[in-house]
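The values are calculated or read from the model by the stated rules, or taken from the named source; none is laboratory data. Every value quoted in this text rests on a predicted model; they were computed, and no experiment measured them. Here the Cβ positions follow ideal geometry from the backbone for every residue, glycine too, while neighbour counts run over all protein chains shown. To get the accessible areas, we keep the full protein, side chains included, count just its heavy atoms, and leave off ligands, DNA and RNA. Shrake-Rupley method; radii C 1.70, N 1.55, O 1.52, S 1.80 Å.
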Amino acid sequence: MADAKVIPFDDDRSRSGSASRPARRRTGAGSGGGRGDGSTAPVSALPGGRLPESPSDGSEGAQDPQQPQEEAVGGAGAPADAGGGWDRRIAGGLAFLRRRVTGDYEVDEFGYDKELTDQVLMSALRPLADKYFRVEVKGIENIPSDGGALIVANHSGTLPLDGLMLQVAVHDNHPAERHLRLLAADLVFHLPVVNELARKAGHTLACAEDAQRLLELGEIVGVMPEGFKGIGKPFGDRYKLQRFGRGGFVSTALRAGAPIVPCSIVGAEEIYPMIGNAKTLARLLGFPYFPITPTFPWLGPLGAVPLPTKWTIQFGEPIPTDGYPPEAAEDPMLMFNLTDQVREQIQHTLYKLLVQRRSVFF
């Protein structure tokens with residue numbers, strides 16, 4: 001897979017839809033509508049229409065061979081062939097499937113498949129973000145248009161849907177359509193199917209080496225330092241940030257000289273209100289927790305449907321790190337101060353957004 005490459009498909013334009021048909025023209029003598037004496041029968045206007053203007057030079061029906069013919073019947077203002085758009089979509093879809101089958105597509109050193117992410121994964125997640133959770137994005141201008149940056153966000157929701165919605169929000173709202181590369185926990189890469197999809201979507205293991213490498217390559221990297229402590233906290237502790245670990249993300253940003261962009265997500269806490277934790281069952285299954293909500297497991301698979309809460313994602317002002325000396329990444333006091341600064345900024349923004357919202361669902 002490492003030597004795979006993208007083969008451009010140049011035949012995705014519709015042959016039948018792009019070429020316009022020559023206009024049908026009436027002639028004088030010899031046409032089905034002509035008179036027996038060779039003169040042209042008078043033309044009547046259709047209901048609601050109007051007669052075309054006659055040329056002033058008397059050359060009726062004549063056309064300059066150097067001039068292009070009119071578009072298809074219906075006049076120059078007629079819409080293009082409606083089937084052309086569908087032809088292009090079908091051709092593009094067939095080309096995509098062909099590249100999937102033959103392996104003629106490109107992935108990076110982390111397994112990220114940009115084409116699959118844009119055309120399939122993002123298309124599948126977009127309706128969930130736009131229509132179901134109705135995600136409102138603020139402060140997108142705080143994410144740089146080029147170069148690396150580390151987005152640090154709160155984590156919640158029992159299932160990690162907030163990370164996926166954050167990925168859609170960055171790509172669809174940023175003027176440069178930047179892709180977010182999330183750092184995921186080990187469990188993600190131990191689950192079948194999920195492991196492969198996570199790699200294809202650009203996620204990588206939450207380790208300092210991978211994060212620094214991505215930042216140095218100029219990627220937007222996302223991290224949620226609360227980890228399972230945040231996503232698996234009880235509903236009574238919603239919007240109360242858990243501990244941010246030992247500040248490893250700050251050390252990574254300092255080494256790469258990348259700015260840190262705090263991010264606050266409101267709305268994810270209520271999609272699966274966690275009122276209990278079956279710890280014994282969680283240990284048997286190898287999960288960090290087994291959630292009990294008002295609908296799960298009581299309603300079976302139906303209880304796994306998230307509640308349609310209204311989300312707000314706000315990106316704060318970036319905290320620069322390129323002004324520190326190289327040895328700053330080893331200074332524990334500096335890492336502690338920067339970690340606390342990021343955490344406080346996210347928590348303050350969460351409280352502000354909670355005061356501003358009218359309802360959990362609207």
What relative contact order, as a whole-number percentage, does the stretch 262-348 give when Cα pairs under 8 Å and 6 or more residues apart are counted? 37
Carbon and sulfur atoms account, in whole percent of the 1.4 Å probe accessible area of the stretch 233-360, for 60
Pop out the ³J(HN,Hα) list for the stretch 90-104 in order, Karplus 6.51 cos²θ - 1.76 cosθ + 1.60 with θ = phi - 60°, rounded to Hz; leave Gly and Pro as x. 5, 5, x, x, 5, 5, 4, 5, 5, 5, 5, 6, 7, x, 8
What ranking do 156-162, 303-309, 89-95 get when scored by the average of other Cβ atoms within 10 Å per residue, highest first? 156-162, 303-309, 89-95
Violating pairs (Cα-Cα greater than 18 angstrom) within the set 229/279; 138/310; 200/310; 114/200: 200/310
Ignoring ligands, DNA and RNA, please state the percent of accessible area on the stretch 85-210 from carbon and sulfur, probe 1.4 Å. 58
Tell me, what is the per residue accessible area of the stretch 136-290 in Å², probe radius 1.4 Å? 41
